[in-house]
1. For region 1-68, please list each of the strands (runs of 3 or more DSSP E) lying entirely inside it that holds at least 1 residues being under 19 Å from Val108 (Cα atoms).
2. Which of the residues that make up region 43-68 are in contact with a Pro (Cβ under 8 Å, 6 or more places away or on another chain) and open to solvent by less than 40 Å² (accessible area, probe 1.4 Å)?
3. Restricting to region 130-141, name every residue that is within 19 Å of Cys70 (Cα to Cα) and modelled with pLDDT under 90.
4. Which condition breaks for Arg123 when tested against (1) more than 30 Å from Pro54 (Cα to Cα); (2) in contact (Cβ under 8 Å) with a residue 60 or more places away in the chain?
5. Determine, yes or no, whether Ala102 is assigned to a loop (DSSP other than H, G, I, E, B) and either more than 17 Å from Cys33 (Cα to Cα) or in contact (Cβ under 8 Å) with a residue 60 or more places away in the chain (or both).
6. Can you tell me which residue is farthest from Thr94 (Cα to Cα) among those in region 128-165 that are open to solvent by 100 Å² or more (accessible area, probe 1.4 Å) and of a type in the set (A, V, I, L, M, F, W, C)?
7. Specify which of the listed residues (Val113, Val90) is touching a Phe, Trp or Tyr at 6+ places or on another chain (Cβ under 7 Å) and under 21 Å from Ser36 (Cα atoms).
8. Sort through Glu112, Glu25, Glu116 and tell me the only one that's surrounded by 12 or more Cβ atoms within 10 Å (Cβ to Cβ), over 14 Å from the mean Cα position of the chain (by Cα) and not basic (Lys, Arg).
Amino acid sequence: MPPTEEVVAGIVARRPFAVLGYSAEDAVWCPACLRSAAGLSPGRPDGSGKPIVPLFARDATVREEVCENCERSLCELLAAGHGASAPKPVTAHTRVYAARTALSFDRVPPIEVRTELKTTEWRWDPRFRVWWSIEERPRIPASVVLPPPTPPAPAARPPIVRKRR
């Protein structure tokens with residue numbers, strides 16, 4: 001048994017109705033994404049009028065489910081909430097505009113990363129969908145991984161102009 005499954009088995013032994021996630025709008029959501037990304041609440045119906053169904057940890061068939069929004073395993077999220085493992089690193093790309101550094105993510109970063117960005121003076125820009133910093137050398141959170149820089153493309157040579165004789 002992997003450590004994550006051992007932690008979940010211990011949680012189920014103590015709390016048989018522990019919720020892994022939710023099924024709403026024909027998708028699977030972790031509890032955080034259900035509220036923040038989808039804007040839904042477990043006690044209310046979803047956008048199509050269907051009830052939001054909880055996925056319980058004691059049901060072994062739903063332990064392989066992955067959140068549709070953040071693409072993290074529901075089982076790992078439940079175990080991480082009880083101190084099993086650290087969150088996975090998130091990849092971001094840096095850009096520089098007008099002496100300001102920007103971080104862009106492919107997907108919505110986890111709440112831990114967003115909180116760390118806010119505490120290290122990064123600000124979210126919803127228009128451009130990037131995190132901005134005005135510091136000269138901004139601090140990158142430890143859980144954010146930057147890909148290695150790509151070498152610049154070779155400069156094009158000027159065209160050869162031949163004169164007729």
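The values are calculated or read from the model by the stated rules, or taken from the named source; none is laboratory data. The shown structure was predicted, so the numbers you read here are calculated from the model rather than taken from an experiment. Heads up, the Cβs are rebuilt from the backbone with ideal geometry, glycines too, and the neighbour counts pull from every protein chain shown. Only protein heavy atoms, including side chains, enter the accessible area calculation; ligands, DNA and RNA are left aside. Shrake-Rupley method; radii C 1.70, N 1.55, O 1.52, S 1.80 Å.
1. The strands (runs of 3 or more DSSP E) meeting that bar are 19-24, 27-29.
2. The one that is in contact with a Pro (Cβ under 8 Å, 6 or more places away or on another chain) and open to solvent by less than 40 Å² (accessible area, probe 1.4 Å): Ile52.
3. Selection gives Pro141 alone.
4. (2)
5. It is false that Ala102 is assigned to a loop (DSSP other than H, G, I, E, B) and either more than 17 Å from Cys33 (Cα to Cα) or in contact (Cβ under 8 Å) with a residue 60 or more places away in the chain (or both).
6. Val161
7. Val90
8. Glu25
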